[in-house]
1. What number does region A:1-66 give for Rg over Rh if you use C-alpha atoms and the Kirkwood radius?
2. Any idea what angle helix B:172-182 forms with the longest principal axis of chain B, computed on alpha-carbon atoms, 0 to 90 degrees, nearest 10?
3. Can you give the FRET efficiency to the nearest 0.05 for B:S142 and B:A19, using r as the Cβ-Cβ distance and R₀ = 35 Å?
4. Volume per residue, Å³, of the convex hull around the alpha-carbon atoms of region C:138-245?
5. Averaged across B:104-111, how many Cβ atoms of other chains sit within 10 Å of each residue's Cβ atom?
6. Put a point 7 Å out from Cα along the line to Cβ at C:P256; what are the distances to that point in the other copies, in nm, shortest first?
7. List residues of region B:174-206, by number, whose backbone nitrogen lies under 13 Å from a label position 7 Å along Cα→C-beta of B:H158.
8. Let me confirm one metric for peptide A:86-92, namely the mean number of other chain beta-carbon atoms within 10 Å of its residues' beta-carbons.
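The values are calculated or read from the model by the stated rules, or taken from the named source; none is laboratory data. None of these values were measured; they are calculated from a predicted model. Please note: Cβ atoms are built from the backbone with ideal geometry, for glycine as well, and neighbour counts cover all protein chains shown. Areas reflect the complete protein model, heavy atoms only, side chains present, ligands, DNA and RNA absent. Shrake-Rupley method; radii C 1.70, N 1.55, O 1.52, S 1.80 Å.
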Number of protein chains: 4
Amino acid sequence: MPSTSLFRGIIVPLVTPLAGRDQLDVPGLERLLERVIAGGVQGVFLLGTTGEAPSLTERLKRELVSQATAIVNHRIKVLVGITDTSLVDSIELAGFAAAERADAIVAAPPPYFPIHQADLRAYIEALAADCELPLFLYNMPSHSKVAFDVDTVRQLLHHPRIAGLKDSSGNMLYFNQIVQLAQERPSFHVFIGPEELLAESVLVGGRGGICGGANLYPELYVELYNAAAAGDLATIHKLQHRVLRLASKLYSVGDPPSGYLTGLKCALECVGVCSGRLAEPLRSLSAEKSASIKQHLLDLGLLDRQMTAVRA
Amino acid sequence: MPSTSLFRGIIVPLVTPLAGRDQLDVPGLERLLERVIAGGVQGVFLLGTTGEAPSLTERLKRELVSQATAIVNHRIKVLVGITDTSLVDSIELAGFAAAERADAIVAAPPPYFPIHQADLRAYIEALAADCELPLFLYNMPSHSKVAFDVDTVRQLLHHPRIAGLKDSSGNMLYFNQIVQLAQERPSFHVFIGPEELLAESVLVGGRGGICGGANLYPELYVELYNAAAAGDLATIHKLQHRVLRLASKLYSVGDPPSGYLTGLKCALECVGVCSGRLAEPLRSLSAEKSASIKQHLLDLGLLDRQMTAVRA
Amino acid sequence: MPSTSLFRGIIVPLVTPLAGRDQLDVPGLERLLERVIAGGVQGVFLLGTTGEAPSLTERLKRELVSQATAIVNHRIKVLVGITDTSLVDSIELAGFAAAERADAIVAAPPPYFPIHQADLRAYIEALAADCELPLFLYNMPSHSKVAFDVDTVRQLLHHPRIAGLKDSSGNMLYFNQIVQLAQERPSFHVFIGPEELLAESVLVGGRGGICGGANLYPELYVELYNAAAAGDLATIHKLQHRVLRLASKLYSVGDPPSGYLTGLKCALECVGVCSGRLAEPLRSLSAEKSASIKQHLLDLGLLDRQMTAVRA
Amino acid sequence: MPSTSLFRGIIVPLVTPLAGRDQLDVPGLERLLERVIAGGVQGVFLLGTTGEAPSLTERLKRELVSQATAIVNHRIKVLVGITDTSLVDSIELAGFAAAERADAIVAAPPPYFPIHQADLRAYIEALAADCELPLFLYNMPSHSKVAFDVDTVRQLLHHPRIAGLKDSSGNMLYFNQIVQLAQERPSFHVFIGPEELLAESVLVGGRGGICGGANLYPELYVELYNAAAAGDLATIHKLQHRVLRLASKLYSVGDPPSGYLTGLKCALECVGVCSGRLAEPLRSLSAEKSASIKQHLLDLGLLDRQMTAVRA
């Protein structure tokens, strides 16, 4: 099993650039990957919620994994989301990711049946038994309904194939308990999802963030992570303010609960990285709302800089 | 588009008999289908929640549709669930169902992103535009998180390809509103999910039930439907008591929230129809709990009769 | 303990007519009570959710109980809601109700702490131990957060001072289970809350309804109850349509979740019974919305008839 | 209006020591207040959730306010919770608190009707209009159902009588947004509820914590607050570990969701401060569980030290 010892810092939950229904935007993917690598991130997480994985076909998922691993070419880590309602499909995608030489896989609870924790634990053990890469648990109750309870994480903590947990619950009471647990096994990595909580999560012992905004502006999150890892509170306060401002500007233009994703993809189109197209059931922002995103990017000082960068 | 004018009465949300992981139990499927056809049901609904569709691979789903349509051979209606997190996968399965000459398709909201109603409506319209068979909406918020609001159903009511709605919410306030709506379009069929509500749903104007217990004991639900359709309250009370007793005995042995499904499959194994095996993330009942199901079947007078039937 | 053997039919969850903040509208109360008595109801339920009890002071609650019991003067049953976050306050109000010769008391779970079922059961037992009148349980999870689970009702079923349960959950799966339970103790009364479910609740074995609309139009609910008790399905369908139409017209003008109560009080003002004033935190409808209620009352044929009645 | 400019640091949400049903334990109250004053806290918050206010009679609430203000005698700040389902009762208690020369009042949304935000805002404005003391908003959605949305706080931010907000939601995404908002009005104080989040809340800009554990061990929380206010990360990590350990030991002995409160009161009895008695609907821990709390106190090194202190 490949080592996960260097997993820390910022991992980008990569959006999936789409040229059409069931059609990957390969040039957009390339621009996006080069952008985040240049921004200093430690890895990308393909096929997460931000990557709209559940909305994609198996075919497109595999094309994305192949293209992305080829483009990245081991310059940074590649994690592959394998969450699926079907265990067999998850295992097969995990095998494909291993064959493409990805670094790790990530699985949320299967998002249909509202199972209890004993079934969840058995499910994860069945999954881990048939997977080769290090497995990260993905706690995302707003989307997968079922959460990984603290006790369940405790029971899975020493499983040799389980490498850590990404917590997107936004519940810092939970996050703190998981961080405490992880002190029993230093190789168990705990990452935070919501970028607004990146700084404090690192201050209380987290390993880093898997933050959607890093698709757009990777340097900001990398610097914030570095400041938090160094305990540099003054820098944290300055950068945290920018993170919150970016989030409050870009993620609230579209209607909740998908405003984060529609805003992010629209912004990536505005700065010339890839199309703002989303996979059904999500839909792109209206022209009026897109104009509002563009204006916010200007206000945030992100548009000029980026367009120049992209044109160059 | 095939006519749906005869959809009424009992439709069985068929369990998917499994011989192993990703392996269909074809003899079990045949026994099960013959049993429910003999029991007088009007149709089967393949690949619903009771059929564990989200847990199955595309390959197994197609094998099931092919086998079931061949066995049924137009003796009763065949509805095929196409719910998926991916629109493209739903459309492809709908096309396969049409090619296998199924009678209708059934779709719940895509069960991952917590979308709002405007996106849900657009999603269903996109789905209907690319499907050939009559489409039933499937309201199942406990599993798909998102519900079809009454206003959304109103907006979809006259869509020529939408044939009705199955309501598994258990919320009779909602059901009554949908039945009232449907008076504006008599060809819009409203079915109830939970068998405990079958009788009252028909009394207030529903078209019938898609009731899991009919896998095990189809005659009971057919008789109850007939009594309700005829307004025969005395018979309703007698049969309703048996329906509630069966549900309270068999569906509460396994832990909630999946106790209904684990109990039902276990009971089908006990009476010799098919294996009690479930697809992950659900798991079969323990030996002790299976014995308890067997005892309940004896108490309910279902075991002897059925085993003889199966042996014959 | 007074007998509750005659509790069946329609009980009106009486609105509390208010002349100002912390000020009872006594003439309005008198008109309202005479109206519902003339309409043939079996009783009134003072100080329920429709009566805005939690928003009222102890002083006003007692004034209401005194005035209402005096006006009713045993012509119909009087039930008094004693739900409170404080057990001691509930017991004292129950004692007051007994002294004023009310017929029964009604208690929901205390609506602040999210307690578990064992604590709920102990709470109800402590309450019943210090109360003299027959006690009805009030299942209202949308407001009191905690529900009476079926098992808890089973454990309280044979308590000599507990007389029944009003179910306002809207969950007919639950209601059916409680009705089945109640067959073990015929003197345990099961009433439905939501008027849209009155007919079916009686058809499946309920004892009647505690229906808000009966403040406005008591005869409609009394007739519907009678039809349901007689199993007269044709009459049920005709009246049920009117009940649903009234609900859909009057209760959806105000914003949810309080649109039912704001619409009901506004309608009572429109027909000249009492002011539409609500106790904080609820607020009266705007002038525009009030006009819309008035138009709906005209469309429903309720305005002319009632205003004449009131003037007479 | 008294100044609130010195509100920062640790405020103890005081438990209400009870000698019996509706009976205050005055000697226990005195010991408790002296203990927390000696521990260095900035204030006490009477009649919050930890104080079981909703379960108490108006009479006992007033006795507590009188006794506590007399004992404290302006050595530290006294905040008084006025949350009630009845606005009039809240206003009257606020007036009483002012007459007893308390420093501020605290109000959660009225915890019965599930109101929308416009009604909540109007309610708070009505409350503030009739209150004399500075008012803190209390965000506690797990108990009061309704939350103060960020937009509602924005609209109330500059209200001259509103002094701040205590956030007990545990949602740091929300807390961060409120802290950002509060930068527009420096006199708007933002406090955190859950003690596990105290350190990070201060690091991101919070004013301090209203932490239940400070009833038992005030010095720990005062030191942790001081370390966080000074940005001393090493001390934070050491103390945070003790806070989490204390919480995980003491608050999980009783069943959720009230295990925090039953454990805290039991511990206070074990260390000799006051009785562990709770007001209905909560109940004291069993003898077995009390023994477990005692053992945990010994393990945490809290028992000897405290008993000596109390005896002295």
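1. Numbers: Rg = 12.7 Å, Rh = 12.7 Å.
Rounded to two decimals, Rg/Rh equals 1.00.
2. For B:172-182 against chain B, the angle is about 50 degrees.
3. Details: r = 29 Å, r/R0 = 0.82.
The computed FRET efficiency comes out at 0.75.
4. Values: hull volume 11.4 nm³, N = 108.
Output value, Cα hull per residue: 105 Å³.
5. Numbers: counts 0, 0, 0, 0, 1, 1, 5, 8.
Per-residue shielding by partner chains comes out at 2.
6. Inter-copy label distances (nm, one decimal, shortest first): 1.7, 2.2, 2.8.
7. Under cut-off, by backbone N: B:184-186.
8. Partner Cβ neighbours, averaged per residue: 6.
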